[in-house]
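To start, the structure itself, in structure tokens.
The values are calculated or read from the model by the stated rules, or taken from the named source; none is laboratory data. Since the model is a prediction, treat every value here as computed from it, not as a measurement. We place every Cβ from the backbone using ideal geometry, glycine too, and count neighbours over all the protein chains shown.
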Amino acid sequence: AASEINDVDANEKPDDHTEMTNTDEAEEKEGEKKDEQSDSPTSPEKVNLIFNKAVNCRKLFVFVQKLIAGVATAHAEMGLKLYLECALVAENCATMNVRGGNHSSSSCDFNGMAYEFIAQAFILYEDEISDSKIQYRSIVSMVGTLLSCRSFAKEDYESLITKTTQYGAKLLRKPDQCKMIIMCSHLFYRNEKDGLQPYHNP
């Protein structure tokens, strides 16, 4: 009788083990499918995560401004150039809004952000840059940036180009002063470009 019971148990155990193994394999496959779906870039979870994290343009520019401020403490010239580059990006956004006819007051004030970046570059120039060669290169960068700007209000533009010309006139070497004054003169007479308003003074 004992041998019959052992035979029965021996026959039953493999079946139970097989069923458990099949169940585990099925669960593993389902788990793998779920992992694949969650890792997929088009999965609902991923899509919701992407579109729920909308970032305001102003917040992005403020974040970049903080990063540049950290860089400028160690590398003033690089910080100044980065401020000017960001000013160009913001001003280009403003220009695209003007071309697209978007004058909504609720839209980001890209012109204001561009002006702020250039103002920060001016402050950095006055406080941190004293080497005459770096000053010369910095003013060249300022002139190039302002020549590329097309959507500033007349008062804002006049304020920026006047300040830049004053920097050029205060350079240490007389030849550098002459070169900068001639270069800055182009800021006071610009032709119309891409349908945007020209600037003539006088």
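Observations on the model:
- Residues that are more than 16 Å from the chain's Cα centre (by Cα) and at pLDDT 90 or above within segment 83-111 are absent altogether.
Yes/no matrix, rows are residues, columns are (1) in contact (Cβ under 8 Å) with a residue 12 or more places away in the chain; (2) within 19 Å of residue 78 (Cβ to Cβ); (3) touching a His at 6+ places or on another chain (Cβ under 8 Å):
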site: 136; (1), (2), (3): yes, yes, no
site: 142; (1), (2), (3): yes, yes, no
site: 151; (1), (2), (3): yes, no, no
site: 167; (1), (2), (3): yes, yes, no
site: 178; (1), (2), (3): no, no, no
